[in-house]
Amino acid sequence: MGLLSKKDAKLITDPLADNNPITIQVLGICSALAITAELKASIVMSISVLFVLGVGNVVISLMRNIIPSKIRIIVQLIVVAALVIIVDQVLKAFAYELSKTLSVFVGLIITNCIIMGRFEAFALGNGPWRSFLDGIGNALGYAVILIIVGFFRELLGSGTLLGFKVLGDPIEKTGLYAIGYENNGFMLLSPMALIVVGIIIWVQRSRNTALIED
Amino acid sequence: MLEYVELFFKSIFIDNMVFATFLGMCSYLAVSKKVSTAVGLGAAVIFVLAVTVPVNWLLDQYLLQPGALSWLGAEYADYDLSFLSFIMFIATIATMVQLVEIIVEKFAPALYNSLGIFLPLIAVNCAILGGSLFMQSREIPTLGLSLVYGIGSGIGWFLAILAIAAIREKIRYSQVPGPLRGLGITFIITGLMAIGFMSFGGMLTGGDDAAEKKETPKAEVPVEKKMELTKEDTENNKSIATNTKKIIE
């Protein structure tokens with residue numbers, strides 16, 4: 001980490017665990033839950049947020065001294081909306097099927113609280129480089145949870161990972177299915193996303209008791 | 001007339017914003033600690049959705065859709081501005097929220113005081129933008145229906161936050177394992193509530209053929225899982241029952 005000072009590196013590593021945007025700061029839940037039935041969709045969503053948050057944080061940080069504080073929310077919304085339009089158009093051009101699965105949730109990155117939250121809490125008070133690192137860090141923290149949830153939901157729900165049949169073929173009864181394993185279709189339904197996140201929070205707080213609420 | 005009623009109940013129960021599409025989860029989790037604040041935010045959401053969805057419907061119809069500009073003249077008929085819809089919608093929402101705030105402050109100070117800090121927060125609530133985006137992707141045909149859709153989804157959101165706030169007020173008296181306390185248990189309860197709301201899914205499938213055709217591919221999964229559903233539900237009820245017992249004791 002020759003490039004990053006210790007303080008800067010902390011900006012990236014903190015949100016990955018003890019200050020995770022989803023499980024600790026409770027930001028950006030909506031999209032985290034709705035699109036995690038497949039691992040691929042979670043990964044694409046994470047990359048989109050990574051781009052929007054990284055670039056958005058830099059833009060807001062560069063403009064922080066010229067934005068009048070009264071209309072800052074509107075300015076922030078416009079910046080995010082412009083970035084999200086770029087993401088949406090790119091997805092439509094290169095991954096049309098996937099953009100259909102994500103449907104309105106790409107648009108909902110605009111109101112993803114992680115983005116507004118980081119703009120408000122960090123980018124408005126810090127320089128571009130630190131804001132960039134903060135954006136990347138938080139987006140990675142978001143990505144970690146999304147990928148964990150997506151991994152378990154796809155594996156247990158449809159027995160695949162990224163579309164590959166890792167547990168064997170349910171119709172021809174190979175692999176695990178040969179000994180009577182069945183997919184739990186319940187994992188594909190949306191309520192299970194909430195319960196999986198609840199369990200992640202449980203595990204995380206059991207390991208680090210300092211995070212327990214009273 | 002029937003379609004209005006159908007859309008109204010559909011947007012409240014079947015396509016409930018919180019339980020079916022997870023919109024507005026952030027404020028749903030953050031502002032649901034007390035019933036009174038939850039009611040304030042819920043009312044504000046109904047109000048803003050009822051205003052922004054029809055306005056965005058007009059924008060979508062006469063500005064953004066492919067060919068929407070044809071009212072300007074034949075040479076504009078080829079324009080497709082739909083890629084601008086995010087920025088238009090969010091700008092409308094931000095300005096409408098500001099406008100609503102000013103109007104309410106001027107003409108209904110009591111309401112303003114009770115909604116208070118929630119109004120500006122609503123601009124960044126995903127439920128509001130989600131309402132407009134779903135309105136667009138579900139291709140709601142008329143202005144009246146879009147108004148019904150806005151009000152219906154607002155009421156659905158209101159019900160959801162009211163229910164979770166009431167449960168969270170009670171759950172303080174029960175013995176939740178330490179690491180689950182607060183956020184963790186709220187997530188799991190919301191999940192169980194969402195499972196409960198899924199049972200509304202069959203409510204409007206009967207009747208006309210078009211609805212049935214649409215519903216059948218989706219219905220396959222829930223039917224298979226009905227057994228588990230009821231199991232989960234009874235467990236849920238049991239735990240609620242034990243909780244209330246504890247409270248009474």
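The values are calculated or read from the model by the stated rules, or taken from the named source; none is laboratory data. These numbers were taken from a predicted model, which means no experiment stands behind them. Cβ atoms come from the backbone with ideal geometry, glycine included; neighbour counts cover every protein chain shown.
Here are some notes:
- Lone qualifier among B:Ile90, B:Ile102 - being aliphatic (A, V, I, L, M), buried (at least 24 other Cβ atoms within 10 Å of the Cβ) and out of contact with any Asp or Glu (no Cβ under 8 Å at 6 or more places or on another chain): B:Ile90
- Every listed requirement among (1) assigned to a helix (DSSP H, G or I); (2) more than 7 Å from every other protein chain (Cβ to nearest Cβ); (3) closer than 11 Å to B:Val53 by Cα; (4) hydrophobic (A, V, I, L, M, F, W, C) is met by B:Leu162 save one, (3).
- Residues located in the stretch A:169-189, provided they are at pLDDT below 80, assigned to a helix (DSSP H, G or I) and within 14 Å of chain B (Cβ to nearest Cβ): A:Gly185
- Residue within the stretch B:98-110 that is in a helix (DSSP H, G or I), away from every other protein chain (no Cβ under 14 Å), without any contact (Cβ under 8 Å) to a residue 24 or more places away in the chain and among the charged types (D, E, K, R) present: yes
- The listed residues are A:Leu77, A:Leu91, A:Leu11, and the only one of them that is modelled with pLDDT under 80 and out of contact with any strand residue (DSSP E or B) (no Cβ under 7 Å at 6 or more places or on another chain) turns out to be A:Leu11.
- Pair list, Cβ under 6 Å, 6 or more apart: the stretch A:184-208 residue free of Cβ contacts under 8 Å to residues at least 40 places away in the same chain and on the phi > 0 side of the Ramachandran plot, other residue buried (at least 18 other Cβ atoms within 10 Å of the Cβ) and in a helix (DSSP H, G or I): none
- For A:Gly163: the one exception among (1) in contact (Cβ under 8 Å) with a residue 24 or more places away in the chain; (2) away from chain B (no Cβ under 13 Å); (3) on the phi < 0 side of the Ramachandran plot: (3)
- For the stretch A:130-147, filtering for residues that are aromatic (Phe, Trp, Tyr) and under 10 Å from A:Pro15 (Cα atoms) leaves 1.
- For A:Thr174, the stated conditions hold: it is surrounded by fewer than 16 Cβ atoms within 10 Å (Cβ to Cβ), among the polar types (S, T, N, Q) and farther than 30 Å from A:Gly117 by Cβ.
- Scope the stretch B:168-194; condition assigned to a helix (DSSP H, G or I), over 21 Å from B:Gly130 (Cα atoms) and free of Cβ contacts under 8 Å to residues at least 60 places away in the same chain; matching residues: B:Gly178, B:Pro179, B:Leu180, B:Gly184, B:Ile185, B:Ile188, B:Ile189, B:Leu192
- Residue ID - surrounded by the fewest Cβ atoms within 10 Å (Cβ to Cβ), chosen from residues in the stretch A:193-213 that are at the interface with chain B (Cβ under 7 Å from one of its Cβ atoms) and assigned to a helix (DSSP H, G or I): A:Ser206
- When the stretch A:136-152 is limited to residues that are buried (at least 24 other Cβ atoms within 10 Å of the Cβ) and within 8 Å of the chain's Cα centre (by Cα), the one that is farthest from A:Ile200 (Cα to Cα) turns out to be A:Ala139.
Results for (1) of a type outside the set (A, V, I, L, M); (2) within 14 Å of chain A (Cβ to nearest Cβ); (3) crowded, with 22+ Cβ neighbours inside 10 Å, shown as yes or no for each residue.
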{"site": "B:Met17", "(1), (2), (3)": "no, yes, yes"}
{"site": "B:Met25", "(1), (2), (3)": "no, yes, yes"}
{"site": "B:Ala38", "(1), (2), (3)": "no, no, yes"}
{"site": "B:Ile46", "(1), (2), (3)": "no, no, no"}
{"site": "B:Leu49", "(1), (2), (3)": "no, yes, yes"}
{"site": "B:Gln65", "(1), (2), (3)": "yes, no, no"}
{"site": "B:Ala68", "(1), (2), (3)": "no, no, no"}
